[in-house]
Amino acid sequence: MKNIAVLVSGGGTNLQALIDAEKSGIIKDGKITCVISSKEGAYALERAKNNGIATRVIPRKDYPDAASYTKAVTDALIEEKADLVVYAGFMIILDEQIVKAFPNRMMNVHPALIPSFCGEGFYGLHVHEAALAKGVKLSGATVHFVTEVCDGGPIILQKAVPVEDGDTPETLQKRIMEQAEWKILPEAVSLFCQDRLEVIDGKVRIKD
Ligand code: GAR
């Protein structure tokens with residue numbers, strides 16, 4: 001059974017999807033053992049507490065730079081004996097120290113089809129604003145391993161979602177969450193926990 005630590009910054013609907021998936025048996029061989037928030041008062045913390053999951057708050061504002069913040073988060077994850085680290089709406093970019101500590105053991109959910117609308121500055125509703133501004137007819141979500149390149153790590157799963165006439169960033173965000181993020185994130189976590197993900201030449205192979 002692998003220990004899953006989840007990093008959050010906000011509402012935590014992806015965390016909720018993981019909690020529900022663990023309860024319903026969609027996540028095999030893994031257990032969410034800890035939730036770490038970069039913000040005090042994040043609703044994701046309530047979701048964890050309501051489900052008996054240990055929480056920690058490591059506020060970004062308490063640290064002078066990315067290096068000291070990354071060290072604090074990395075140390076906490078090591079203390080928690082995390083086997084897998086999931087970025088679920090975690091809005092802080094951490095530096096390479098954490099990638100060295102958890103190589104191919106961290107995954108992120110991004111609300112677009114990478115390599116579109118990703119990288120620094122593309123987070124939360126900004127991603128959907130950019131997709132609508134470009135006029136794409138399809139967007140979606142991607143789950144990928146975290147490397148030192150922001151949103152650039154090996155892609156694990158993707159799911160496309162149609163853009164509809166009259167969409168706002170909010171309506172598109174909601175459709176992508178419901179139809180893609182909340183499905184492929186638990187699926188990717190389960191594959192990891194069953195040792196079914198292999199990275200070869202920067203690409204993910206899913207083992208049968
Ligand atoms: C989700 O759409 C997630 O994909 C996105 O923020 C939202 C968080 O919602 N993450 C990023 O943009 C990271 N680059 P949640 O807190 O309800 O899961």
Checklist line | Among (1) in contact with a strand residue (DSSP E or B) (Cβ under 6 Å, 6 or more places away or on another chain); (2) free of Cβ contacts under 8 Å to residues at least 24 places away in the same chain - the single one Ser116 does not satisfy | finding: (1)
Item checked: segment 93-137 - residue that is more than 9 Å from the ligand (Cβ to nearest atom) and polar (S, T, N, Q) and, of those, farthest from Glu178 (Cα to Cα) -> Gln97
Next item on the list: Looking for whichever is among the aromatic types (Phe, Trp, Tyr) and in contact with a Gly (Cβ under 8 Å, 6 or more places away or on another chain) here; the options are Tyr43, Tyr63. Which one fits?
Entry: Tyr43
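Let's see how each residue does on (1) of a type in the set (Val, Ile, Thr); (2) farther than 12 Å from Val86 by Cα; (3) touching a Lys or Arg at 6+ places or on another chain (Cβ under 6 Å):
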position	(1), (2), (3)
Met1	no, yes, yes
Ile4	yes, no, no
Gly11	no, yes, no
Asn14	no, no, no
Leu18	no, no, no
Lys23	no, yes, no
Lys28	no, yes, no
Ile36	yes, no, yes
Gly41	no, yes, no
Notebook entry, point to check: When residues of segment 11-49 are filtered for being among the small types (Gly, Ala, Ser), assigned to a helix (DSSP H, G or I) and closer than 20 Å to Ala76 by Cα, how many remain?
Noted result: 2
Check: In segment 136-188, how many are free of Cβ contacts under 8 Å to residues at least 12 places away in the same chain and either touching a Ser or Thr at 6+ places or on another chain (Cβ under 8 Å) or farther than 19 Å from Asp20 by Cβ (or both)?
Finding: 5
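All of the numbers you see were taken from the coordinates with simple rules; none came from a lab. Bear in mind the structure is a predicted one, so any value in this text is a computation, not a measurement. Heads up, the Cβs are rebuilt from the backbone with ideal geometry, glycines too, and the neighbour counts pull from every protein chain shown.
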